[in-house]
Amino acid sequence: MSHTATPELRRREAAPEHGASTASLLVLLTGIFITTLDFFIVNVAIPDIQADLRAGATAIQWVVAGFGLALGGGLITGGRLGDLFGRRRMYALGLALFTAASLACGLAPSPGALIASRVVQGVAAALLMPQVLGIINGVYTGERRARAFTAYGLALGLGGVFGQLIGGVLIQADLFGTGWRSIFLINVPVGVVTLALIRRTVPSQPRTSGTRLDVAGTVLVTLGLIALVLPLIEGRRLGWPAWTWASLGASAVLLTVFALSQRRGKAPLVAPSLFREAAFRVGSGLALVYTLALASFFLYLALYLQQGRGLSALESGLLFVALGAGYFAASTRATAVAARLGRQVLALGAAVQAAGCLLLLTAIGHPIGWLIPGLALAGAGMGFVLAPLSAIVLSGVTDRHAASAAGVLSTAQQVGNALGVALVGIVFYGALGSVADAFRTSLLPVMAFCAVTAALAQFLPKR
């Protein structure tokens with residue numbers, strides 16, 4: 001960059017770009033936090049839901065799976081809708097729908113009503129989530145954008161890390177006698193207040209003009225992703241019946257046809273030019289591989305603490321504080337570390353998380369306090385990866401395709417979560433012996449995914 005351009009760049013980075021402010025970021029991150037929280041928090045409430053609604057095992061599975069399936073299937077379309085019809089508008093619509101669906105979940109009189117409301121929550125989250133990354137990518141530049149992406153990673157991670165603790169506290173508190181319903185009803189006042197602030201705080205961005213929604217592409221990618229995610233969510237529990245393999249095969253066909261249609265279409269849902277950027281192409285693959293290690297780690301750690309060590313949901317949630325403390329500490333330093341190390345911050349984070357898993361391996365069988373150092377170190381590794389990841393992957397994406405690119409990135413992460421739970425679940429449930437032995441074995445593939453993540457980071461652009 002020339003020296004004559006430097007003063008102008010400094011002026012742009014010294015003030016909020018396009019009306020963006022700290023309040024804007026807080027409003028956007030609130031939506032990300034509550035949608036991420038709802039993905040994880042429901043696991044804590046499963047026994048109470050089952051008893052209160054007299055729900056069978058299959059219905060309970062769909063309370064969890066319905067949200068993830070709708071979210072994974074809708075993210076790419078949600079991102080493109082933001083590019084076409086306005087990101088602030090789609091964010092507000094998604095948050096309004098999520099708030100209404102949360103109320104319906106909290107008042108659900110039957111398992112069927114709860115499942116339907118959870119599916120609507122997933123659709124709403126798919127509409128909301130890509131807009132946050134798209135708006136951040138479009139209204140901030142330079143160091144301010146890096147800090148905004150770090151804050152995004154912090155909100156995303158804390159929603160996942162503290163989901164179990166927050167759920168345990170709410171159920172234990174039994175606010176107004178609501179029991180498990182409070183984990184959904186708490187979203188309502190938060191959503192209403194946030195909705196009231198959107199118009200006055202979040203900047204509006206110009207819509208992409210002269211294009212239309214690729215309806216055929218939308219149908220293909222939605223069906224393809226549902227056909228991929230559904231067997232990953234349900235396959236292990238059902239013993240991988242024939243339909244799960246047929247579904248995976250159908251997903252490969254549908255997604256291949258979708259990819260070919262995007263190359264030839266005049267208004268593609270996902271612009272092929274996005275994948276010509278090495279940061280986006282390699283980074284999306286890295287995000288998928290890394291998230292193989294995330295949801296699986298959270299799930300099987302929770303099972304180990306509750307089934308293997310006999311802790312309550314609240315007690316195990318308190319242990320997650322160690323994970324969250326490490327995550328918070330690393331996330332707040334991630335921007336500075338990334339400025340010095342560039343892409344190697346991702347390799348560093350993956351290595352630190354693997355080291356944390358190694359410490360956990362040595363702590364199994366010892367008093368519960370021995371787990372704390374490993375949890376803190378694993379959380380720090382997650383912070384060094386998740387906080388800068390979105391900024392690195394989306395660094396070369398133009399504003400025109402910012403939300404659809406964010407939808408692709410978020411989809412890669414959701415598919416990685418589902419695939420990781422399925423793959424690590426095969427190892428966890430296939431291990432002989434106790435729950436402790438199963439958890440010990442499950443940490444090995446998690447460490448392997450971290451190693452692959454560190455290797456893939458070497459193929460990212462150096463800047």
In debye to the nearest 20, the charge dipole size for the chain, taken about the Cα centre with +1 at each Lys and Arg Cβ and -1 at each Asp and Glu Cβ, equals 1380
³J(HN,Hα) across the range 120-127 via Karplus (A = 6.51, B = -1.76, C = 1.60, θ = phi - 60°), whole Hz, x for Gly/Pro?
-> 5, 4, x, 4, 5, 5, 5, 6
Amide H contacts under 5 Å for Gly86, placed H, 5+ residues apart | Thr208
Loop-located trypsin sites (Lys or Arg not before Pro) in the range 183-276, at most 12 other Cβ atoms within 10 Å (DSSP) | Arg212, Lys266
Estimated vicinal HN-Hα couplings, Hz - the range 444-452 in sequence order (Karplus 6.51, -1.76, 1.60; Gly, Pro = x) = 5, x, 4, 5, 5, 4, 5, 5, 5
Rounded to the nearest 500, what is the 222 nm mean residue ellipticity of the chain from helices alone, with -39500 (n - 2.57) per DSSP H run of 4+ residues and division by all residues?
-> -27000 deg cm²/dmol
Phi-based couplings in Hz for the range 390-399 (Karplus 6.51, -1.76, 1.60; Gly and Pro marked x) | 4, 4, 5, 5, 9, 4, x, 7, 6, 4
Calculated on alpha-carbon atoms, Rg and Dmax of the chain in Å | 21.2, 70
Relative contact order (percent) for the range 214-268, with alpha-carbon contacts under 8 angstrom and 6 or more residues of separation?
-> 49
Alpha-carbon Debye profile of the range 16-114, log10 I(q)/I(0) at 0.10, 0.13, 0.14, 0.20 Å⁻¹ = -0.36, -0.57, -0.65, -1.09
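How large is Rg over Rh for the range 292-334, taking Rg from the Cα atoms and Rh as the Kirkwood inverse mean of 1/r across Cα pairs?
Expressed as Rg/Rh, it is 1.06.
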Taking the Cα centre of each part, how many Å lie between the range 319-368 and the range 110-128?
-> 33
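Coordinate-derived values only; no laboratory data. Please read all numbers here as calculations on a predicted model, not as lab measurements. Glycine gets a Cβ as well: all are built from the backbone with ideal geometry, and neighbour counts include every protein chain shown.
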